[in-house]
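Q: This is the structure I want to talk about, given as structure tokens.
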Amino acid sequence: MKRQRSLLIALSTLLAASLATIATPASAQQAAEPNQVSDLTVRQADGYATLAWQPVDGATDYQIERTAVDASGTATGTPTIVGVWRPNRQINQQSPTFADAGFNPGDRFSWRVRARTGTTEQPYSEPVVATTTAPWGNPATPGEQLRTQWETTHAAQYTSDTDEYAYTAAIDQLSDRVRVVEIGRTVLNRPINMFVIGYPTPPATPAAVAATSPLAVNCNVHGNEPGDREACLIMARQLAFSTDPRTIDLLSHTTVLIVPTINGDGRAANTRGNSTGQDLNRDYSLIRQPETASYVKMIREYRPIAGYDGHEFGNSRAGDLPMLPPRHQNVAQAIFDESQDMIEGHMYAKGAEAGWWACPYGCEGGGNVGLSEETILRNTLGLKNVVNSLLELRSSGGQTRPDEGNSANNRRRKTFSALWTFQQFLDYHRAKLADITGARAEAITFQASNTGRLVFRGSRPIPAHPAPHPGDSPPPIDAPPADLILDNAPCAYKLTEEQYRGARTDGPGGVGTTVADRIAAHGWKVVKTADGYYVPLNQPERGLIPLLLDGQGVENLTDGERVYPTLTGRRNGPLTVTGFTCLADATVNGPITVRPGAALVATGSTVNGPIAAAGAAGVLLADSTVNGPLRVTGTTGAVSVIDVTVTGPVDLSANTTGTDTPLIAGSTVRGPLNCTANTPAPINLGIANTVQGPRANQCATL
């Protein structure tokens, strides 16, 4: 697991110095009394102020006091303890920091900090006076002047659905960088909007967006957890109108996708679930509800390579920002590692600078949280090869923020800590794009190789961070029991007509979409032959497919039939494929011909001869070698060539596969690559091919 903390801390120090002015008193702030805090500084940022000071030997914790003052520095309010710094807040104990956020941005305050030894209070530091940063955007500049209902009421109210739609439409109208698209509708027919943000304008189509290696933020899946949603609305305005070099640079190199409210019905009713009572964060694999189906289709079409998913957490002892990567054991190791590095390598280090308490989901007294359900978005995304993290905002002020009995102050802290996290997510994506795309490519080729055991439920462990650490209670182990492990993975799952297209009753009002519709929403390749529908496992989402189609799945859609390889080992002579044929760890010394209506699935195999398929139902090759030409024409089902070496020319022509886009990804072609008149045109999932001959027509850029 990568841990480049020293580099991250050095870079973030430079960035922090450029972002805000540090306010210090005229004196040098040296301790005038024993155990008095010295060198207190206060740095302003969006919605919060970062306090930093020199540690006092033997201090158990520190109390942060804030007092409202006027322009002359005269107190206009009562001094209040607003924060408590404790040693398990951050990874860097020698540079204590605290992010104070429970105030109206733009107001002026005086801050002091004192150490405590046990319960014994030590002398306060000298005060530091500063004016906090006003809400982002010049009130006189069109676009920048926009404000959410949450902002205009000073956090007394959350933004309503109608105000969200008006605010979203205004940004769309006033910024060339923004296109707002409706990705779906809720059960009660509320639109689910998504900001598509790029510079100078966003790419025109989902496929063009996908080519920019986009990142996505899902802001409000539980309707009664709206803090992240408010942060997303503010961030959308900043990205739409800011002219600072960082924003222009970010948007010039990627596209940002923001879904403010996937659960509009739950938000309007202030309920966790949607209007049917469904917890949407237990439905991203099953996609029984229109809201989750909309998001999954968006992932299929726009192909974000990284994501964050916003929530709130009721544990009052937790950190400010509990986070967690995709833990399901079917998630490729590269995706888990990169996600964990984003959290521990970046967020923990940046949090230690800014004063936010980032920690593993659970932190202190976390309980039975952060498990392996594939229905949860962080796990679903991981199984879709997306580097991502859950974000929780501690619902209450807790022991470290005693002033948050004031609801507005509590809401401000949650929203501005989320805004900080999402902005850091953008910075991580910008700095680590090569690592993220590399992890994604490694994951896709690993999954397509269809090797290794399958786990129906079970998580990778999240060990406690080495002391000093930001939290004491990582989520539980959640190891898979023996009866939920399949060591002998099948080649494919076979479904009957009734299983595939039969009516379902598991949706709103007892009406559900078919398994066929849900498989299409996920983007899995299906091959139809005379005897049924086959879903091969040598494709990018191999880790998720069995969870829905195997009878052993804990929350499956149907009990598909496991189909094991029809050919392994060595075969000398030609092979003619007339039905569904699966090669695994096989060597065929001779040509392969795939007859019309037949299907060939080959994984980890070598073909010493040409492969020719005309009018086939499907051809899916992965982790294999073809010593000869590969020609696939007139296919009516699925075409996929992932991590395959072909020592001759490759020709894909006149394949008509409906919504199932042909794939040529991560392959080596020692000859020309030609793709002509395919509907739709082939794509490479962002994983470039190595082609030694000319690339022509639809494959010219693959």
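Q: What strands (runs of 3 or more DSSP E) completely inside the stretch 501-613 contain at least 3 residues that are touching a strand residue (DSSP E or B) at 6+ places or on another chain (Cβ under 6 Å) and on the phi < 0 side of the Ramachandran plot?
A: Details: elements: 527-529, 532-536, 561-563, 567-572, 575-577, 580-589, 592-594, 599-603.
Once the strands (runs of 3 or more DSSP E) in the stretch 501-613 are filtered for at least 3 residues that are touching a strand residue (DSSP E or B) at 6+ places or on another chain (Cβ under 6 Å) and on the phi < 0 side of the Ramachandran plot, what remains is 532-536, 567-572, 575-577, 580-589, 592-594, 599-603.
Q: Output the number of residues of the stretch 323-348 satisfying the condition of being surrounded by 24 or more Cβ atoms within 10 Å (Cβ to Cβ) and of a type in the set (Gly, Ala, Ser).
A: 2
Q: Of all residues in the stretch 174-194, how many are loosely packed, with under 14 Cβ neighbours inside 10 Å and touching a strand residue (DSSP E or B) at 6+ places or on another chain (Cβ under 9 Å)?
A: Qualifying residue count for the region: 1.
Q: Among the residues of the stretch 117-140, write down those that are more than 33 Å from the chain's Cα centre (by Cα) and in contact (Cβ under 8 Å) with a residue 60 or more places away in the chain.
A: The answer is THR117, GLN122, PRO123, TYR124, SER125, GLU126, PRO127, VAL128, VAL129, ALA130, THR131.
Q: Considering only residues that are out of contact with any Lys or Arg (no Cβ under 7 Å at 6 or more places or on another chain), part of a helix (DSSP H, G or I) and not aliphatic (A, V, I, L, M), which ones fall in the stretch 281-303?
A: So the first thing to find is which residues in the stretch 281-303 are out of contact with any Lys or Arg (no Cβ under 7 Å at 6 or more places or on another chain), and the list is 281-286, 288-289, 291-298, 300-303.
Next, only the ones that are part of a helix (DSSP H, G or I) stay: 281-282, 291-298, 300-302.
Those that are out of contact with any Lys or Arg (no Cβ under 7 Å at 6 or more places or on another chain), part of a helix (DSSP H, G or I) and not aliphatic (A, V, I, L, M): ASN281, ARG282, GLU291, THR292, SER294, TYR295, LYS297, ARG300, GLU301, TYR302.
Q: Testing VAL37 on (1) open to solvent by 20 Å² or more (accessible area, probe 1.4 Å); (2) in a loop (DSSP other than H, G, I, E, B), one condition comes back false. Which one is that?
A: Going through the list (1) open to solvent by 20 Å² or more (accessible area, probe 1.4 Å); (2) in a loop (DSSP other than H, G, I, E, B), VAL37 breaks only (1).
Q: More than 18 Å from the chain's Cα centre (by Cα) and aromatic (Phe, Trp, Tyr): does that describe PHE241? Walk me through how you get there before you give the answer.
A: On the way: more than 18 Å from the chain's Cα centre (by Cα): yes; aromatic (Phe, Trp, Tyr): yes.
Considered against the rule, which asks whether it is more than 18 Å from the chain's Cα centre (by Cα) and aromatic (Phe, Trp, Tyr), PHE241 comes out as yes.
Q: Further question: Out of everything in the stretch 306-319 that is modelled with pLDDT of 95 or more and open to solvent by less than 10 Å² (accessible area, probe 1.4 Å), what residue ends up being farthest from the chain's Cα centre (by Cα)?
A: Taking the stretch 306-319 as the starting set, the residues that turn out to be modelled with pLDDT of 95 or more are 306-312.
With open to solvent by less than 10 Å² (accessible area, probe 1.4 Å) added as a condition, the list becomes 306-311.
Values: ALA306: 5, GLY307: 2, TYR308: 4, ASP309: 6, GLY310: 10, HIS311: 13 Å.
For the stretch 306-319, the residue satisfying everything is HIS311.
Q: If THR119 satisfies every condition in (1) over 23 Å from PRO470 (Cβ atoms); (2) at pLDDT 95 or above but one, which is the exception?
A: (2)
Q: Scan the stretch 349-375 for residues that are open to solvent by 10 Å² or more (accessible area, probe 1.4 Å) and closer than 26 Å to LYS525 by Cβ and jot them down.
A: The one that is open to solvent by 10 Å² or more (accessible area, probe 1.4 Å) and closer than 26 Å to LYS525 by Cβ: GLU373.
Q: For ASP283, which of the numbered conditions (1) touching a residue at least 60 places away in the same chain (Cβ under 8 Å); (2) out of contact with any strand residue (DSSP E or B) (no Cβ under 7 Å at 6 or more places or on another chain); (3) open to solvent by 20 Å² or more (accessible area, probe 1.4 Å) fails to hold?
A: (3)
Q: Any residue in the stretch 241-265 that is touching a residue at least 60 places away in the same chain (Cβ under 8 Å) sitting within a Cβ distance under 6 Å of a residue that is open to solvent by less than 10 Å² (accessible area, probe 1.4 Å) and of a type in the set (Phe, Trp, Tyr)? List the pairs, counting only those 6 or more apart or interchain.
A: ILE258/PHE195; ILE262/TYR295
Q: Read through the list (1) of a type outside the set (Asp, Glu); (2) open to solvent by less than 40 Å² (accessible area, probe 1.4 Å); (3) over 18 Å from GLY579 (Cβ atoms), then give the number of the only condition that GLY551 fails.
A: For GLY551, the exception is condition (2).
Q: Moving on. Considering the stretch 382-396 alone, what residues qualify as being at negative phi, open to solvent by less than 10 Å² (accessible area, probe 1.4 Å) and not charged (D, E, K, R)?
A: Correct list: GLY382, LEU383, VAL386, VAL387, ASN388, SER389, LEU390, LEU391, LEU393.
Q: Can you tell me how many residues within the stretch 108-133 are part of a loop (DSSP other than H, G, I, E, B) and surrounded by fewer than 15 Cβ atoms within 10 Å (Cβ to Cβ)?
A: Looking only at the stretch 108-133, we keep the residues that are part of a loop (DSSP other than H, G, I, E, B), and these are 118-119, 125-127, 132-133.
Adding the requirement that they be surrounded by fewer than 15 Cβ atoms within 10 Å (Cβ to Cβ) leaves 118-119.
The number of residues fulfilling the criteria is 2.
Q: Another question, if that's okay. GLY266 - would you say it is more than 30 Å from ALA204 (Cβ to Cβ), open to solvent by less than 10 Å² (accessible area, probe 1.4 Å) and either at pLDDT 95 or above or out of contact with any Gly (no Cβ under 6 Å at 6 or more places or on another chain) (or both)? Please lay out each step first, then the result.
A: Numbers: more than 30 Å from ALA204 (Cβ to Cβ): yes; open to solvent by less than 10 Å² (accessible area, probe 1.4 Å): yes; either at pLDDT 95 or above or out of contact with any Gly (no Cβ under 6 Å at 6 or more places or on another chain) (or both): yes.
When the stated conditions are applied, GLY266 passes them.
Q: Related question: Scan the stretch 679-687 and give yes if some residue there is aliphatic (A, V, I, L, M), farther than 20 Å from ALA207 by Cα and open to solvent by less than 40 Å² (accessible area, probe 1.4 Å), otherwise no. I'd like the intermediate steps shown before the answer.
A: Step one: of the stretch 679-687, the residues aliphatic (A, V, I, L, M) are 681, 683, 685, 687.
Next cut, farther than 20 Å from ALA207 by Cα only: none.
Within the stretch 679-687, not a single residue is aliphatic (A, V, I, L, M), farther than 20 Å from ALA207 by Cα and open to solvent by less than 40 Å² (accessible area, probe 1.4 Å).
Q: Given the options THR701, THR645, THR659, THR668, name the one that is closer than 27 Å to ILE519 by Cα, open to solvent by 10 Å² or more (accessible area, probe 1.4 Å) and out of contact with any Phe, Trp or Tyr (no Cβ under 6 Å at 6 or more places or on another chain). Don't jump to the end; show me each part of the working.
A: Values: THR701 fails: closer than 27 Å to ILE519 by Cα; THR645 fails: closer than 27 Å to ILE519 by Cα; THR668 fails: closer than 27 Å to ILE519 by Cα.
So the residue among THR701, THR645, THR659, THR668 that is closer than 27 Å to ILE519 by Cα, open to solvent by 10 Å² or more (accessible area, probe 1.4 Å) and out of contact with any Phe, Trp or Tyr (no Cβ under 6 Å at 6 or more places or on another chain) is THR659.
Q: Then there is this: Just give me the residues in the stretch 602-633 being aliphatic (A, V, I, L, M), more than 19 Å from ASN684 (Cα to Cα) and touching a residue at least 60 places away in the same chain (Cβ under 8 Å), in sequence order.
A: Of everything in the stretch 602-633, just one residue is aliphatic (A, V, I, L, M), more than 19 Å from ASN684 (Cα to Cα) and touching a residue at least 60 places away in the same chain (Cβ under 8 Å), namely ALA617.
Q: Can you tell me which residues in the stretch 165-190 are of a type in the set (S, T, N, Q) and part of a loop (DSSP other than H, G, I, E, B)? Give the derivation first.
A: The initial filter retains those residues of the stretch 165-190 that are of a type in the set (S, T, N, Q), namely 168, 173, 175, 186, 189.
Across the stretch 165-190, the qualifying residues are SER175, THR186, ASN189.
Q: Of all residues in the stretch 138-164, how many are outside any loop (DSSP other than H, G, I, E, B), crowded, with 18+ Cβ neighbours inside 10 Å and either in contact with a strand residue (DSSP E or B) (Cβ under 9 Å, 6 or more places away or on another chain) or of a type in the set (Ser, Thr, Tyr) (or both)?
A: So in the stretch 138-164, the residues outside any loop (DSSP other than H, G, I, E, B) come out as 149-152, 161-164.
Restricting the remaining residues to those that are crowded, with 18+ Cβ neighbours inside 10 Å gives 149-151, 164.
Imposing the further condition that a residue be either in contact with a strand residue (DSSP E or B) (Cβ under 9 Å, 6 or more places away or on another chain) or of a type in the set (Ser, Thr, Tyr) (or both) reduces the set to 164.
Residues that pass the stated criteria total 1.
Q: If only one of GLY83, GLY77, GLY47 is modelled with pLDDT of 95 or more and more than 30 Å from ILE462 (Cβ to Cβ), which one is it? Give the derivation first.
A: Values: GLY83 fails: more than 30 Å from ILE462 (Cβ to Cβ); GLY47 fails: more than 30 Å from ILE462 (Cβ to Cβ).
When all the criteria are applied, what remains is GLY77.
Q: Being out of contact with any Lys or Arg (no Cβ under 6 Å at 6 or more places or on another chain) and in a strand (DSSP E or B) is the filter here; which residues of the stretch 310-345 pass it?
A: GLY310, HIS311, GLU312, LEU321, PRO322, MET323, LEU324, HIS328 - these are the residues of the stretch 310-345 that are out of contact with any Lys or Arg (no Cβ under 6 Å at 6 or more places or on another chain) and in a strand (DSSP E or B).
Q: Determine whether the stretch 404-421 contains at least one residue that is in contact with a Phe, Trp or Tyr (Cβ under 6 Å, 6 or more places away or on another chain), outside any loop (DSSP other than H, G, I, E, B), hydrophobic (A, V, I, L, M, F, W, C) and open to solvent by less than 10 Å² (accessible area, probe 1.4 Å).
A: No, the conditions are met nowhere in the stretch 404-421.
Q: Just need a number here: residues in the stretch 47-96 that are open to solvent by less than 20 Å² (accessible area, probe 1.4 Å), part of a loop (DSSP other than H, G, I, E, B) and within 20 Å of SER396 (Cα to Cα).
A: 2
Q: Now for a separate question. Which of the residues that make up the stretch 469-499 are at positive phi and open to solvent by 30 Å² or more (accessible area, probe 1.4 Å)?
A: Step one: of the stretch 469-499, the residues at positive phi are 471, 478.
Matches in the stretch 469-499: ASP478 only.
Q: GLN447 fails exactly one of the following numbered conditions: (1) open to solvent by less than 10 Å² (accessible area, probe 1.4 Å); (2) over 30 Å from THR668 (Cα atoms); (3) not aliphatic (A, V, I, L, M). What is the number of that condition?
A: (2)
The values are calculated or read from the model by the stated rules, or taken from the named source; none is laboratory data. Only a predicted model underlies this, so the values are computations on that prediction, with no experimental measurement involved. Note that we place each Cβ from the backbone using ideal geometry, even for glycine, and neighbour counts take in every protein chain shown. The accessibility values were calculated without ligands, DNA or RNA, using every heavy atom of the protein model including side chains. Shrake-Rupley method; radii C 1.70, N 1.55, O 1.52, S 1.80 Å.
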